[in-house]
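A.B. asks: Here it is, the structure in full.
The values are calculated or read from the model by the stated rules, or taken from the named source; none is laboratory data. What you see is a predicted model, and the numbers here were worked out from it, not measured in a lab. Here the Cβ positions follow ideal geometry from the backbone for every residue, glycine too, while neighbour counts run over all protein chains shown. What goes into the accessible areas is simple: the full protein's heavy atoms, side chains included, and nothing from ligands, DNA or RNA. Shrake-Rupley method; radii C 1.70, N 1.55, O 1.52, S 1.80 Å.
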Amino acid sequence: MSLNVAPELLAQAEQGEIQERDFVATVRESLPYAYNLIAGLADKLRDGDAEFADNQTPPPSEAERGQLLRALASNAIRGSLERHFGITLAFMNCHRVAAFRPGTESGTIYAKFTSTRSQILNQSPEFRDC
């Protein structure tokens, strides 16, 4: 799944650096499921006092799953979304993504979420094809 890049943004990139807000807008338009899911996690984190907010609901279709995988697999997309929303993302499997407060990456909750043990404990047969 590729981003839908406007000709103007492509021309801007060919000339030099682009504005991150323009890149995030392209991500929002190209990967709306992923963008909205991460935006919702950021809101939930900001509005609550929990150490992280995560999603445990599988995407409604493979197209949405593809959007989420694309957003989280790309350093540029993932980093831009983290900066845009002021969060740190962690990714467990084909749909379990969590938003953490920046600076908590060295804490025990983040370490537990991203541990190999948690990865194993969060596996199930339906994840093998995702």
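A.B. asks: Give the separation of the Cα centroids, the range 58-111 to the range 8-45, in Å.
C.D. replies: 14 Å
A.B. asks: Still on this structure: Output the peptides 109-121, 53-65 sorted from most to least packed, where packing is the average of other Cβ atoms within 10 Å over each peptide's residues.
C.D. replies: 53-65, 109-121
A.B. asks: How much net charge surrounds Arg21 when only other residues with a Cβ under 15 Å from its Cβ are counted (Lys, Arg +1; Asp, Glu -1)? Working shown, then result.
C.D. replies: Details: positive: Arg28, Arg83; negative: Glu8, Glu17, Glu20, Asp22, Glu29, Glu82.
Once positives and negatives cancel, what remains is -4.
A.B. asks: Now for a separate question. With a probe of 1.4 Å, find how much accessible area the chain has per residue, and write the answer as a whole number in Å².
C.D. replies: 59 Å²
A.B. asks: As I understand it, the value is the acute angle between the Cα axis of helix 62-73 and the longest principal axis of the Cα atoms of the chain; what does it come to in degrees, rounded to 10?
C.D. replies: Tilt relative to the chain: about 90 degrees.
A.B. asks: In the chain, carbon and sulfur make up what percent of the accessible area (probe 1.4 Å)? Intermediate values should be presented prior to the final figure.
C.D. replies: Numbers: 3820 of 7640 Å².
Its accessible area is 50 percent carbon and sulfur atoms.
A.B. asks: Across the range 11-19, in residue order, what do the Karplus-derived ³J(HN,Hα) couplings come to in whole Hz, using 6.51 cos²θ - 1.76 cosθ + 1.60 with θ = phi - 60° and x for Gly and Pro?
C.D. replies: 4, 4, 5, 5, 8, x, 5, 10, 6
A.B. asks: What number comes out for the charge environment of Pro102, summing +1 per Lys or Arg and -1 per Asp or Glu over other residues with Cβ under 10 Å away? Please report the intermediate quantities before stating the final value.
C.D. replies: Values: positive: Arg83, Arg101; negative: Glu82, Glu105.
With Lys, Arg at +1 and Asp, Glu at -1, the neighbours total 0.
A.B. asks: Excluding Val5 itself, what net charge comes from residues whose Cβ is under 12 Å from its Cβ, given Lys and Arg +1 and Asp and Glu -1? Walk me through the numbers before you get to the answer.
C.D. replies: Details: positive: none; negative: Glu8, Glu14, Asp22, Glu29.
Around Val5, the charge tally is -4.
A.B. asks: Which of rounded, prolate, oblate describes the range 40-99, given a ≥ b ≥ c as roots of the alpha-carbon gyration tensor eigenvalues and a/c under 1.5 marking rounded, otherwise prolate only if a/b is larger than b/c? Please report the intermediate quantities before stating the final value.
C.D. replies: Working: a/c = 2.16, a/b = 1.29, b/c = 1.68.
Note, shape of the range 40-99 comes out oblate.
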